[in-house]
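Presented below is the structure to which this report refers.
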Amino acid sequence: MLRKQIAGHALSLVATVLLGGLLSATLVRLAPGFETDEHALDPHLNGASLQALREARHQDRNILWFYLSYMKRAVHGDFGTSLSLGQPVRTLLRERAPLTLRLLILGLGLAWAAALTLALTATWLRLAAFDALTTLVSGAFLCIPAAVLALLSVLWNVPGALAIALVVFPRVYRYSRNLLAKSYSQPHITTAKAKGLGEARILFWHVVPVVAPQLLAVAGVSVSMAVGAAIPVEALCGLAGIGQLAWQAALARDLPLLVNITILVTLVTLLANSGADVIGHMVRRQEA
């Protein structure tokens, strides 16, 4: 039974990734001005070069044919060549992935550290003034777009990872705070207080284990938040990562590059959510 569930989940994951790539290719192909190429405006190009550019775009007109050809090449490790940068997509992703990975890890680490620290402190102290202040701060950051935070990080000369952290922080904090507050209102917490247990013991032995599976689910979702925030942050901060590469590919209508980036982002998001679900399921089984 378990094997069937794992196989079904894996099949669903693969289907979602492939469908995401196909939808991305379709949207790019249907976008206005897809068949135009800024390189064709170069007055130094001769007729043969212009014809070659047109043929390169013409090959991508049939989306299904393009996507089937892409999948056939991808099975053998060939992810195509970027139309705008003229380099193999595989090389571009391999060179830029480490920077984006460091940004995501640092940004998520800062966001979760700040969110959990403030949420646990608010739950432990239960002071109305402190709770109102942290809610106001998180709400303010929740209203600021990621692009604005990226611009502020450039103006104030702070790391781009901090901008990603500020995008993720308010969402994690508000959910964690509400989850901890709800757990504190449960009957077994009232019983523990009546028995004279200390606040620290109640928090770390009776509250945190209960909310751990839900927090793991939020951790999976926060990865997709951070990946989405990395695109404007890298583009505006001049960081040569995959987010900046996605921005450049979108501006140039670079179909091979956009399809690969979409599949990569979809795969990372699904794996993060699936990993969080698996760990949460294991935690619940141990508690049971």
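Computed from the coordinates by the stated procedures, all read-outs in this text should not be read as laboratory data. Everything quoted here is computed from the prediction, not taken from an experiment. So basically every Cβ, Gly included, is an ideal-geometry build from the backbone, and we count neighbours across all protein chains shown.
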>> Under 37 °C and 0.692 mPa s, how fast does segment 97-252 diffuse according to Stokes-Einstein, given a Kirkwood radius computed over C-alpha pairs? Answer in µm²/s, whole number.
In response: 195 µm²/s
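One quarter of the convex hull surface, Cα atoms only: what value does that give for segment 216-288 in nm²? Don't jump to the answer; show the numbers that get you there.
Numbers: hull surface 20.4 nm².
Averaged projected hull area, Cα only: 5.1 nm².
For THR266, THR191, what ranking results if the residue with the fewest other Cβ atoms within 10 Å of its Cβ goes first? Intermediate values should be presented prior to the final figure.
Details: THR266 21, THR191 11.
Arranged by neighbour count, lowest to highest, THR266, THR191 become THR191, THR266.
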>> At 7 Å along Cα-to-Cβ for each site, give me the label-to-label distance between THR26 and THR91 in nm.
In response: 3.3 nm
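Given 0.36 nm per residue, what is the gain on full extension from LEU151 to ARG102 after removing their alpha carbon distance, in nm? Don't skip to the answer; put the middle values down first.
Working: separation 49, 0.36 × 49 = 17.64 nm, distance 1.98 nm.
Working it through step by step, the gained length comes to 15.7 nm.
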> Once label points are set 7 Å from the Cα along Cα→Cβ at both LYS195 and ALA7, what is their separation, rounded to one decimal in nm?
Replying inline: 4.6 nm
> Which of the lysines could a cross-linker bridge to LYS182, judged by Cα under 22 Å and excluding same-chain residues fewer than eight apart?
Replying inline: LYS193, LYS195
>> From zero outward in steps of 10 Å, how is the percent of C-alpha pairs of segment 162-262 spread across the bins?
In response: 13, 31, 22, 16, 12, 6, 1
> Taking the simple approach of a point 7 Å from Cα along Cα-to-Cβ for both MET282 and VAL158, what is their distance in nm?
Replying inline: 3.5 nm
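Using a simple charge model, +1 on the beta-carbon of Lys and Arg, -1 on the beta-carbon of Asp and Glu, nothing else, what dipole does the chain show about its Cα centre, in debye to the nearest 20? If you can, show how the numbers build up before the last one.
On the way: 23 positive and 14 negative charges, 236 e Å.
Taking the Cα centre of the chain as origin, the dipole is about 1140 debye.
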> In what sequence do PHE66, PHE141, PHE204 fall when counting other Cβ within 10 Å, fewest first?
Replying inline: PHE204, PHE141, PHE66
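Considering every Cα-Cα pair within the chain, what fraction, in whole percent, is farther apart than 22 Å?
Numbers: 27651 of 41328 pairs.
Cα-Cα pairs in the chain separated by more than 22 Å: 67 percent.
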